[in-house]
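Novice: Please find one structure pasted underneath; my questions will follow.
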Amino acid sequence: MKKRIILASVILSLCGGSLLYAMTEDVKIWFNNQPLSATGIISDGKVYVPINELSTEQKSIVQWDPKQKKLTIDKPNVHLTAFGPKPFGQVSKGHKDPFSVFAQIDSLKTDLSEIKITITNPKNKEQVLATKKVDEQKEHFWFVTNEQKYLFDETGDYYIRCYMKPTNSKDWFLVSELQIPSTN
């Protein structure tokens, strides 16, 4: 008798899962006029999308608390400025003047353990410019890197990125990005 109940439960579970999948359809996701690699689904007229993919595109911090069954999304305002003798947003190939990065952060609702600033070249090679442990939690603060010596030795787009690591997390979240074109 127990075997029949278990067998019936397994069959109903498999049929129910197949029926649920048959009632959904895939959805292509576009963000800022660019297709994302992940897809969503439509079920009962509602669109469901993978939150981690969107958090990367939205430059937000996403944390899941399984004990409380709570999803927290924090989108702080983070503005990056590169400056040497003066602020810049474009360089010529071969540019090598020392520069610093200024990060202005506000509307931060997540406690952080660290903040990190990187630069990525057109071949997608990333270099860490600065990291800082966060000792005091603040909703608004500024962060300035030490002066950096960096050679913009290729044409194409360089990216200065700001990442944040929440307290009690091993994950870094991209929260801001500054594109710096390098031209001939």
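Readers should treat all values here as calculations from the given coordinates under stated rules, not as data from a laboratory. This is a predicted model, so every value here is computed, not measured. All Cβ positions, even for glycine, are placed from backbone atoms using ideal geometry, and neighbour counts span all protein chains on display.
Novice: Ser107 to Glu136: extension gain in nm, 0.36 nm per residue of separation minus the Cα-Cα distance?
Specialist: Numbers: separation 29, 0.36 × 29 = 10.44 nm, distance 1.52 nm.
Going from the current span to full extension adds 8.9 nm.
Novice: Taking the Cα centre of each part, how many Å lie between segment 41-62 and segment 114-184?
Specialist: Comparing the Cα centres of segment 41-62 and segment 114-184, I get a distance of 25 Å.
Novice: Enumerate by residue number the GluC sites (Glu not before Pro) in segment 53-162 meeting two conditions: DSSP loop (anything except H, G, I, E, B), and at most 13 other Cβ atoms within 10 Å of the site's Cβ. If you can, show how the numbers build up before the last one.
Specialist: On the way: sites: Glu53, Glu57, Glu114, Glu126, Glu136, Glu139, Glu147, Glu154; in loops: Glu136, Glu139, Glu147, Glu154.
Qualifying residues, ordered by number: Glu136, Glu139, Glu147.
Novice: What residues of segment 126-162 lie in the reach of a label at Asn184, counting those whose backbone N is under 11 Å from a point 7 Å from the Cα along Cα→Cβ?
Specialist: Correct set: 155.
Novice: With the calculation restricted to Cα positions, what are the radius of gyration and Dmax of the chain in angstrom?
Specialist: 22.6, 82
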